[in-house]
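Student: My questions all concern the structure below.
The values are calculated or read from the model by the stated rules, or taken from the named source; none is laboratory data. Because the structure is a prediction, the values reported are computed rather than measured. Here the Cβ is made from the backbone with ideal geometry for all residues, glycine too, and neighbour counts use every protein chain on show.
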Amino acid sequence: MAPPAAVPGPLPTSLRCNSCGAPLNPASGMALIVCDYCGAVTTMGTAGAQVFQKHFMLDSRIANEQALDVGGKWLNKGLFRRKVAERSDLGQVVLKYVPYWIIPTQVVADFQGTKGSGAGAVVHGTTRGQKAAGAASLALGILAAASAANRAGPAARGVTVQQAQVIRVRDRIQLSYNIPIVAVRGYTKFQPDDGFQFNIEAKRPFDKRATGGLEVMSGDVAEAEAKGQAAALAQKFAEREAKRRVDTLESIQVYPTTYDGELLHAPVWFMEYAHKGKSMFILIDSHSGQVMDGERPAFSLF
């Protein structure tokens, strides 16, 4: 019989920052505690409380109006979206420093599939919106072809269209990412899952004085758990890349490798809005001004 799992002991009732000596007030379950005075991160683990040295930040560069403009343009982008931002009701808009584990990840994937089936690449896409738009484009194409055939008369309608040749594909993918994993449990909307990466070349050592008085969040996701999440995302990215290379993906084997990461406090805009009664959100990197993730309607023309 396996020995029982070790039960973690209670948090110390009196805990001080190992960097500046200020008192820390960790909540239950916290794995990463940001000092309110100096900003140093203390990690809670089996080895006790330790200051985490690889702690960085990005500067916040866009203000509220710029963030709203970025979000509005993203909402309206797409063939089947028209004036979505103008027809939506804006809700909560918050800017704060959110902790992310940046996990260097390499992934190798071997896959098999076929090319030349025609419709596959159009309909598949890589996101919900792309799939919906692809299906709509395919349907419009079929209708246009049928209309053209009717206008051309009986002779044209009798022409047989030659089927595309199906080609079998067997290939290998090799990719590298610096995958951000949000270090706050339950903050699923703050987790980009479509390949977004922070500009870590612009990082600098964390300095609480440079946060401009914004809220700096602590975290409760340890690095080991973040590595597991990064490996799962790497598999998703490899499958997405494979689907770009074939019309029909038949099989894929993915081999991700993760390496020791670093902790990055990133300035993030979180915006809530409602469109036709449905609540949605947008996540924006306040350093680069890029949309990290979000929700928007696949179709909204009227």
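Student: Could we say that A266 is within 27 Å of R61 (Cα to Cα) and of a type in the set (G, A, S) here?
Tutor: In short, yes.
Student: Which one of these does L90 not meet: (1) exposed (fewer than 15 other Cβ atoms within 10 Å of the Cβ); (2) in contact with a strand residue (DSSP E or B) (Cβ under 6 Å, 6 or more places away or on another chain); (3) part of a loop (DSSP other than H, G, I, E, B)?
Tutor: L90 satisfies every listed condition except (3).
Student: Taking the conditions exactly as written (at pLDDT 95 or above and either within 15 Å of the chain's Cα centre (by Cα) or surrounded by fewer than 21 Cβ atoms within 10 Å (Cβ to Cβ) (or both)), does S279 satisfy them or not?
Tutor: So S279 fails the test.
Student: Still on this model: Only one of these is among the hydrophobic types (A, V, I, L, M, F, W, C), crowded, with 17+ Cβ neighbours inside 10 Å and under 19 Å from the mean Cα position of the chain (by Cα): L263, L249. Name it.
Tutor: Testing whether each residue is among the hydrophobic types (A, V, I, L, M, F, W, C), crowded, with 17+ Cβ neighbours inside 10 Å and under 19 Å from the mean Cα position of the chain (by Cα) leaves just L263.
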